[in-house]
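I have placed the structure first, in the form of structure tokens, so that the comments after it can refer back to it.
The values are calculated or read from the model by the stated rules, or taken from the named source; none is laboratory data. Model, not experiment: these values are computed from the prediction. Please note: Cβ atoms are built from the backbone with ideal geometry, for glycine as well, and neighbour counts cover all protein chains shown.
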Amino acid sequence: MGEYTCQRPIHPGELLKEEIECRQLRQTRLAAQTGISYKILNDILNGRRPLTTSTAMLFEAALDISAGLLMRMQLDYNIQQATRDKSFMERLAQVRKFAAIL
């Protein structure tokens, strides 16, 4: 748990956004190439929507960025976000207390 609390969560969309900007690739073109709607693509690139396995595989095909890497980034991001949710962390602590007495 501690390894996630000190790091800033990095959404895989940040990496993808940097890559398409570096390649000077327009979002509309990438959306058309991958069959992902422009809105969904823009939401992913701006960290407002999680990456799915399917979208990660589409990005891998279009940009040659490992789908596995993108999914690991998404998982790490999700875990980091969960650790920042106080009510969830309290619930988690209660589950741990209960599990300790089993």
The residue from 14, 18 that alone is part of a helix (DSSP H, G or I), in contact (Cβ under 8 Å) with a residue 24 or more places away in the chain, closer than 20 Å to residue 74 by Cβ and of a type in the set (D, E, K, R) is 14
Residue pairs within 7 Å by beta carbon, gap of at least six or interchain, first lying in the stretch 58-87 and free of Cβ contacts under 8 Å to residues at least 12 places away in the same chain and farther than 26 Å from residue 37 by Cα, second among the aromatic types (Phe, Trp, Tyr) and assigned to a helix (DSSP H, G or I), listed first then second, are 82/88
When the stretch 27-78 is checked residue by residue, the ones that are within 10 Å of the chain's Cα centre (by Cα), crowded, with 16+ Cβ neighbours inside 10 Å and either part of a helix (DSSP H, G or I) or modelled with pLDDT under 95 (or both) are 44, 45, 56, 70, 71, 73, 74, 76, 77
Residues of the stretch 6-55 being touching a helix residue (DSSP H, G or I) at 6+ places or on another chain (Cβ under 8 Å) and among the polar types (S, T, N, Q), in sequence order, are 7, 27, 28, 33, 34, 37, 42, 46, 53, 55
Note: among 22, 6, just one is surrounded by fewer than 11 Cβ atoms within 10 Å (Cβ to Cβ) and modelled with pLDDT of 95 or more, namely 22
